[in-house]
1. Looking only at segment 223-275, how many residues end up being outside any helix (DSSP H, G or I) and either within 12 Å of the ligand (Cβ to nearest atom) or closer than 28 Å to E9 by Cα (or both)?
2. Can you tell me which residues in segment 329-375 are surrounded by 14 or more Cβ atoms within 10 Å (Cβ to Cβ), in a helix (DSSP H, G or I) and polar (S, T, N, Q)?
3. With the condition kept exactly as written, say whether any residue in segment 217-231 is under 12 Å from L292 (Cβ atoms) and of a type in the set (S, T, Y).
4. On the given criteria, is G258 free of Cβ contacts under 8 Å to residues at least 60 places away in the same chain and of a type outside the set (D, E, K, R)?
5. One residue is enough: does segment 285-299 have a residue meeting the conditions surrounded by 12 or more Cβ atoms within 10 Å (Cβ to Cβ), among the hydroxyl-bearing types (S, T, Y), within 30 Å of K160 (Cβ to Cβ) and within 16 Å of the ligand (Cβ to nearest atom)?
6. Answer with yes or no whether A320 is assigned to a helix (DSSP H, G or I), outside the structural domain of Q171 (by TED's automatic domain parsing) and surrounded by fewer than 23 Cβ atoms within 10 Å (Cβ to Cβ).
7. Given (1) in a loop (DSSP other than H, G, I, E, B); (2) at pLDDT 95 or above, identify the lone condition not met by K281.
8. Looking at the structure I just gave you, is G88 within 16 Å of the ligand (Cβ to nearest atom) and assigned to a loop (DSSP other than H, G, I, E, B)?
Amino acid sequence: MDEIDTGLEGVVVGATKISHVEGVVGRLSYRGHDIATLCQRPFPQVIWLLLFGELPSAQQEQQLAHFLLAHAALGDSDRQLLGAVPEGTHPMLMLQGLVPLLSLEQRESLELPTRSEDAVHGLIIAARLPALIASYFRREQGLDWPLHSHSIEPHRLFLKTLHDRNPSAEQVAVLDTTQILQMEHSYNAGTFAGRVTLSTQAPVQASISASLGTLFGKLHGGADQAALETAMRVAEPEQAADYVRKCLREGGRIMGMGHREYRTVDPRASLLKPLARQLCKDPDSARLLATLEAIEAACVEQLEKPGRSIRANVEFYKGAVFHALGIPPRYFTALFAMARVYGYIAHALEFRPQSRLIRPRARYTGRQPKDHQAA
Ligand code: COA
């Protein structure tokens, strides 16, 4: 009997021009541009490139930035929905539930290279996520949520709403970089779930919601919260080796380490580590970062086997960066979603025109019906 690969490891289920993950050499590019160079570009430029395949003209970039601002504020119905979310709901479950219900009313026109409804609706949803997440945070803190329409870029607005003060230019630039690094990663589990949903001809908001539900899990996006919480629990670099030993002895996994595709360090981790070093200057943050570095070193040493290499993935140092930006761990994966949503839209635009129902088979191993046995 043929073996069943339940994890679809190495199985090619489609073609894409959006991003290239080169796992053996540890390289990632979007539309033929290395992510290290894309981090230097303004955020709307990278969005346009990801969605439409080419860098935008100055006018297209400006129009897109304007469109995102025009759709950033929560409308009345969005606010009502947010108010109805049961207390204590994790921000990722809130997003998965509310994204398909957000108002898609177009407040401003936008000239795009495609006449796709997926692009317009996807961008309206993406534009609304920073305010939705920041407002939910404020609701959880018992603070008011801003109503006004906004005139500042999404990441500045996000940090300002979160903390009630203007972020520094350095903080905004670091958030831009981190979000560009998380925008897209080929057929990861969340993107694939979205493609399956699109294949049934469901609308883009249903597909984004399916992707977000998949992103939430600890083996995928949820590892960011788990990795930082681990470092906080371990607390001291000197405790790292013992923690890793005990965790592995008990059959546990070290969050933020290992990747299905990368056989070396995740290139996003290589870019995030220096950012973490740049930001983690106060004694608490510096100790947290030193603990993460010690966990990484212990993990590499204790997990190394011939033919296997477990290294830091994107989630590992991102937590230290977000922590230094004052973002609580419970919100890390929601910020991941705020960036990855652009990758989901890009896949919707690529997939919709060629879409075919995705419907694999399972081998039946249960009981045969009685009348079949008798026959
Ligand atoms: N901690 C401990 N052991 C790990 C590990 C980790 N983080 N990642 C992989 N391994 C080990 C497995 O136990 C397994 O060991 P074995 O060969 O002795 O059986 C081996 O490495 C291969 O693991 P497997 O789960 O088959 O690899 P995968 O390709 O499916 O794993 C992940 C990819 C991401 C699911 C896995 O590395 C993991 O669970 N990481 C932690 C969660 C995480 O950070 N997720 C975010 C990914 S961006």
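The values are calculated or read from the model by the stated rules, or taken from the named source; none is laboratory data. Only a predicted model underlies this, so the values are computations on that prediction, with no experimental measurement involved. Don't worry about glycine lacking a Cβ; one is built from the backbone with ideal geometry, like all the others, and counts go over all protein chains shown.
1. Looking only at that region, the number is 17.
2. Residue satisfying the conditions is T333 alone.
3. yes
4. yes
5. no
6. On the way: assigned to a helix (DSSP H, G or I): yes; outside the structural domain of Q171 (by TED's automatic domain parsing): yes; surrounded by fewer than 23 Cβ atoms within 10 Å (Cβ to Cβ): no.
Criteria not met by A320.
7. Of the numbered conditions (1) in a loop (DSSP other than H, G, I, E, B); (2) at pLDDT 95 or above, the odd one out for K281 is (2).
8. Taking the combined requirement at face value, the residue does not satisfy it.
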